[in-house]
Amino acid sequence: MSQNEESAIAAAKHEDQLGRIAMRIIGVSILLAIIVTLVAGGIDNFPYGVYGFIGAIVLCVASFLVGQVE
């Protein structure tokens, strides 16, 4: 492999790692928001009640999964 190919591969791996880190930060932020909302007022404090809570959980899980796949 040439020097350019090796540096391109290294750059792609670095970008993948940054993407994983970003999605984990987003997932943790959503999880913290869920916890704060539950502590502040329970499930009724979410927009649309239980459906909003389920939506928040789905977004949290999806962000962690995208972080794993990336």
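The values are calculated or read from the model by the stated rules, or taken from the named source; none is laboratory data. None of the values given here were measured: they were computed from a predicted structure. All Cβ positions, glycine included, derive from the backbone under ideal geometry; neighbour counts span all protein chains shown.
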Scanning segment 1-54 for residues that are hydroxyl-bearing (Ser, Thr, Tyr) and part of a helix (DSSP H, G or I), the one farthest from the chain's Cα centre (by Cα) turns out to be 7
Listed by first then second residue, the pairs whose first member lies in segment 21-43 and is under 16 Å from residue 63 (Cα atoms), whose partner is part of a helix (DSSP H, G or I) and of a type in the set (Val, Ile, Thr), with beta carbons under 6 Å and at least 6 positions apart or on separate chains, are 23/66
* To do: Kindly indicate whether residue 27 is in contact with a Gly (Cβ under 8 Å, 6 or more places away or on another chain), modelled with pLDDT of 90 or more and among the small types (Gly, Ala, Ser).
  => yes
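Okay, residues lined up against (1) at negative phi; (2) hydrophobic (A, V, I, L, M, F, W, C):
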residue: 9; (1), (2): yes, yes
residue: 19; (1), (2): yes, no
residue: 32; (1), (2): yes, yes
residue: 37; (1), (2): yes, no
residue: 48; (1), (2): no, no
residue: 51; (1), (2): yes, no
residue: 59; (1), (2): yes, yes
residue: 63; (1), (2): yes, no
